[in-house]
Amino acid sequence: MSEKKEPLNILKVRDDHAPIQFVADGDKFKLQAGAEGSDLGSEDFGRKELRNRIEPWLTSLFQSEHLSLLAGSGITHAVHRIATGSGAGGMDRSGYDFGDLGEKIFAAADREAPKAGRAEANIEDDLRIANELLRGMQIVGSDKSKALEERIKTTLEDFTESILKNETSIASSDEVRREQAFTTLVTFLMSFASRTGVRDRLNIFTTNYDRLIEAGAELAGLHLLDRFLGNLMPIFRSSRLDLDMHYNPPGIRGEPRYLEGVTRFTKLHGSVDWMQTGKDIRRFGLPFGADSVEPYLKAPGLGETTANRLMIYPNAAKDRETADYPYVELFRDLAAAVCRPNSTLVTYGYSFGDEHINRVIRDMLTIPSTHLVVISYDDPLGRIMQTYEEMGRPSQISLLIGPELADLSTLTENYLPKAAIDKTTFRMSELLKQRWGTKQPGDQHPPEKDQPTEGEGLL
């Protein structure tokens, strides 16, 4: 019987010439044979040595003139694991049925997946191929197009339910574990959002369809600026107006100051609560953890809106213009945010499986003053390290890969910069009480207004 191997951790920060590989050895860590880590001292080292090496480096990078966070499916898996003890449902294609054409669709998706850097196809690839096939069948007037269209509709409905199931599992989990999960998520977000007033706003991008980041931001007291305008049913706008939120300091004349706790937010692949109504893209009021979208699609004026009109990429659009919109606008926002001098992009839980995003990152690294920080729990397909080698910019890339570095709880407790805004803890506690009846241990009250808290005066 073969001995179980400890997961490999990969670290590259500061002036490391090459990634350092190490494994856990009880309470200590041990460098792999041939690895060099000058600042770590001997081959055996502890969490303290890692923190001293990582945290100051990230603190410096997080105060870059421009800072962006790209969150992939890993953030959902991490929070879901804390709340429920298991990972979230993924893009597994099992259980989906495209009828008589299913085998051909799956085979075509398998051939196309490697072009996007994926070893195996997932349900997104299947849907993309199915939609391309449907468009061709409609052009030639195939009598099988109607049946395929219905299969795509059913698949999208099932896919939507799987996304909502992850939200429901977190929202309905054990009270203590749920609170721990959201506290960790809030700490994670605030590590990025606590920026000094002279710095540009944090940009958050995500490839996820769920609303976990939105829920975490609400608990943290963060206001998310996106392209949607309106209150009852916000509508997506293409205009790139640099809208922001400012305030006038009392007794001070001059330029308004940035309001704290404001972040720009972009969902690159769409969202489970976006839908197409005519020529417009709207966001509807779908509560976090809802069992189904159907009851929320029955509002007057929505017409024949069903789950297959949700703006989830790849959507079931019937024409090229709609297929490109709004995603072309969203990817333009990504490029505009990161491809700037003195810009830092941090990825968490992103496996580099989207070539559109990878292209933007490669373009970003052509600017010498930019930096990429890759944080990932694992790299099972080797895609992250392959991308690192292919980009050929080692001095501009930092790596934190492996459970001892990128586990969300471990990361927030040991390596990420501490948030400069402490009042969000109390805000989060109150919202948790209101939303899910969470009880807080002891009597916790925010400090008096005339008593400064840690971090005040920094922003």
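Just so it is clear, none of the values below were taken in a lab; they were calculated from the coordinates. For clarity, every value in this text was computed on a predicted model and none was experimentally measured. FYI the Cβ positions are ideal-geometry reconstructions off the backbone, even for glycines, and counts take in every protein chain you see.
Okay, here's what the table says:
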{"quantity": "Residue order, fewest to most surrounding Cβ atoms within 10 angstrom, among L58, L372", "calculated": "L58, L372"}
{"quantity": "Theoretical FRET efficiency, 1/(1+(r/R0)^6), r = Cβ-Cβ of Q434 and Q32, R0 35 Å, to 0.05", "calculated": "0.10"}
{"quantity": "Packing-based exposure ordering (other Cβ within 10 Å, fewest first) of K144, K115", "calculated": "K115, K144"}
{"quantity": "Using θ = phi - 60° and Karplus 6.51 cos²θ - 1.76 cosθ + 1.60, couplings along the stretch 224-236 (whole Hz; Gly, Pro as x)", "calculated": "9, 9, 10, 7, 8, 10, x, 10, 6, 9, x, 10, 6"}
{"quantity": "Chain lengthening between E150 and R199 when straightened (0.36 nm per residue, less Cα-Cα)", "calculated": "12.7 nm"}
{"quantity": "Length released on extending from E355 to E413, taking residue separation times 0.36 nm less the Cα-Cα span", "calculated": "17.7 nm"}
{"quantity": "Percentage relative contact order, the stretch 59-200, counting C-alpha pairs under 8 Å, at least six apart", "calculated": "40 percent"}
{"quantity": "Tensor-based shape of the stretch 157-297 (alpha-carbon gyration tensor, a/c under 1.5 rounded, otherwise prolate or oblate)", "calculated": "oblate"}
{"quantity": "Pairwise Cα inverse-distance average, inverted: Kirkwood Rh of the stretch 75-183 (Å)", "calculated": "15.7 Å"}
